[in-house]
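Below: the structure, in structure tokens.
Throughout, read-outs are computed from the coordinates displayed, never taken from laboratory work. Predicted, not measured: the structure shown is a model, and the values here were computed from it. Cβ placement follows ideal geometry from the backbone for every residue including glycine, while neighbour counts extend to all protein chains displayed.
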Amino acid sequence: MLAELAAANAAYAVIKECIANSGEIVSAGKALFEWFDAKSSLQKKVEEKPPDQRSDLEEFFALEELKRQQQELRELMILQGRPGLWDDWLQFQVDARKRRESAAREEQARLLVKRKKIQDFMEKALLAFWLAVLAVVVTGMVVGAAWLYTMKGRF
């Protein structure tokens, strides 16, 4: 969780520096994406962590730091950006989250299909092996019976 917060803080520092140097928030585009990624990653980690391993105070302050940064970004976008930029940014975040979730679901489905193919192949290979063993045993029995019949004249 600390790594994600550090990444968000670093991206936020780059955003502020870009705005201080150029006066335009557009010049901080890559840093905005990095901040959004770090924010999403931190929120996901907080949600996925088992309750018995959580540090409520640490989570609270990490999320509060992100809220403070988001509020400052909102103000910067309103003051430095074009009209409606903040609303477009929020919509972009929603769309990006949906695309990532969709891509993750597709990747899981692809891996599931791949595992199923491997499992099917292994089952068929195992069946072929046991059929081959059975064929060798039956052939051995037939050859042995034929040998006994021809050599000894009896069973």
Most to least packed among 61-73, 33-45 [average Cβ atoms within 10 Å]: 33-45, 61-73
Calculate, axis by axis, the spread of Cα positions in the stretch 2-117 along the three principal axes, and write the results as whole Å, longest axis first. 55, 33, 21
Using the Kirkwood radius built from alpha carbon pairs, what does the Stokes-Einstein equation give as D for the stretch 104-150 at 20 °C and 1.002 mPa s, in µm² per second? 159 µm²/s
Which lysines does Lys49 reach when only Cα atoms under 27 Å apart count, and residues fewer than 8 places away in its own chain are ignored? Lys39, Lys67, Lys98
0 to 90° range, to nearest 10: angle between helix 29-48 axis and the chain longest Cα axis: 60 degrees
For the chain, calculated [θ]222 nm from helices alone, where every DSSP H run of n ≥ 4 adds -39500 (n - 2.57): -31500 deg cm²/dmol
For the pair Arg97 and Asn21, how long in nm is the line joining their label points, each one 7 Å along Cα→Cβ? 3.1 nm
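Round to the nearest 0.05 the FRET efficiency obtained for Ala10 and Ala109 when R0 = 41 Å and r is the Cβ-Cβ distance.
0.75
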